[in-house]
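What follows is calculated from the coordinates using simple rules that are stated; it is not laboratory data. Please read these numbers as outputs of a predicted model, since none were measured by experiment. Glycine also receives a Cβ, built like all others from the backbone with ideal geometry; neighbour counts cover every protein chain displayed.
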Amino acid sequence: MPVEVGAGFSDEFDPVTAFSAAAADAASALAAPCDLAVVFAAAPHLGHGKAILDAVHRELGPRSLIGCGAGGVVGPGREVEEGPGAAVWALSAPEARIATHRLSAVRDGDAISIAGLPELAAQTMIVLADPYTFSVEALLGRLNAEHPGLPVLGGLASASAAGSASLLCDG
């Protein structure tokens, strides 16, 4: 079966309306079930994680979901840097093996280790991280040592202060 990708965007202020619309737009491009949804929420929506997850799951029914708060939200033909913004990217890849994981950075003396990283058979990795509580440098160093050449994409969840980043994973 072919790989399909859909994207949706909304600048509605109500988070349920915004993420329902963005997810429905993303779903309209898929002829097969959604295997991965990636969600980006602008600042006004960050306090509504459960409502966002419920709306995206209701519209797309993704097998896996990741997402984060973002300082700027970009979607088909639009961008929001201030105010409400909801972007949903949907992937249908029936033959792909997709798994989500929650990783943590653990300080051990002067070193930082990464906990929760499974044995990888990945061809690509998407990383969304809280810049205040997770060492992306330690993760990338480990991946470069153990899996040289592995493509890693993603970004840092926007946060105005330590502990205020929003990360979403599955339910």
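Give me the net charge for the shell around LEU120: Cβ to Cβ below 13 angstrom, other residues only, Lys and Arg +1, Asp and Glu -1.
Numbers: positive: ARG97, ARG142; negative: GLU119, GLU146.
After counting each charged neighbour, the total is 0.
Which residues' amide hydrogens lie under 5 Å from the amide hydrogen of GLY154, considering only partners 5 or more residues apart or on another chain, with H built in the peptide plane?
Residues meeting the amide H criterion: VAL127.
In region 38-88, with Lys and Arg counted as +1 and Asp and Glu as -1 at Cβ, which of these residues, GLY69, LEU53, ALA43, has the Cα nearest the positive end of the dipole, that is, farthest along it?
The one lying farthest along the dipole's positive direction is LEU53.
Dipole magnitude of region 20-118 about its Cα centre, charges +1 at Lys/Arg Cβ and -1 at Asp/Glu Cβ only, in debye to the nearest 20? Could the numbers behind the result be given before it?
Numbers: 7 positive and 10 negative charges, 57 e Å.
Computed charge dipole of region 20-118: roughly 280 debye.
Under the Karplus relation 6.51 cos²θ - 1.76 cosθ + 1.60, θ = phi - 60°, what is the ordered set of whole-Hz ³J(HN,Hα) values for region 5-19, x standing for Gly and Pro?
Whole-Hz 3J(HN,Hα) from phi for region 5-19: 10, x, 9, x, 8, 8, 10, 5, 6, 6, x, 5, 4, 4, 6.
So for each of 35-43, 23-31, 97-105 I average, over its residues, the number of other beta carbons within 10 Å; can you give me the resulting order with the highest mean first? Let's see the in-between values first.
Values: 35-43: 24.2, 23-31: 18.7, 97-105: 12.7.
The densest-packed peptide leads the list: 35-43, 23-31, 97-105.
Where both residues lie in the chain, what percent of DSSP beta bridges are antiparallel, nearest 5?
Counting DSSP beta bridges with both partners in the chain, the antiparallel share is about 70 percent.
Determine the relative contact order of the chain: mean sequence separation of Cα pairs under 8 Å and six or more apart, normalised by residue count, in whole percent.
Values: 376 pairs, mean separation 45.0, N = 171.
26 percent.
Take the chain, mark every one of the GluC sites (Glu not before Pro) that falls in a DSSP loop and has at most 13 other Cβ within 10 Å, then report the longest stretch left between them, sites excluded.
Numbers: sites that count: GLU81, GLU82, GLU95, GLU119.
Value returned for the longest uninterrupted segment is 1-80.
Could you run the Karplus curve 6.51 cos²θ - 1.76 cosθ + 1.60 with θ = phi - 60° over region 96-107 and give me ³J(HN,Hα) per residue in whole Hz, x for Gly and Pro?
7, 9, 10, 9, 9, 9, 9, 9, 9, 9, 10, 7
When the Karplus curve 6.51 cos²θ - 1.76 cosθ + 1.60 is applied with θ = phi - 60°, which whole-Hz ³J(HN,Hα) does each residue of region 73-85 get, with x for Gly and Pro?
These are the phi-based 3J(HN,Hα) values: 10, 10, x, x, x, 9, 8, 10, 9, 9, x, x, x Hz.
Between rounded, prolate and oblate, where does the chain land on the alpha carbon gyration tensor, with a ≥ b ≥ c its root eigenvalues, rounded for a/c under 1.5, else prolate if a/b exceeds b/c?
It comes out oblate by the Cα gyration axes.
Can you show me the helix-derived [θ] at 222 nm for the chain, built from DSSP H runs with n ≥ 4 at -39,500 (n - 2.57) apiece and divided by the number of residues, rounded to the nearest 500. Please report the intermediate quantities before stating the final value.
Working: 3 runs with 36 residues, N = 171.
Dividing the helical sum by the residues of the chain leaves -6500 deg cm²/dmol.
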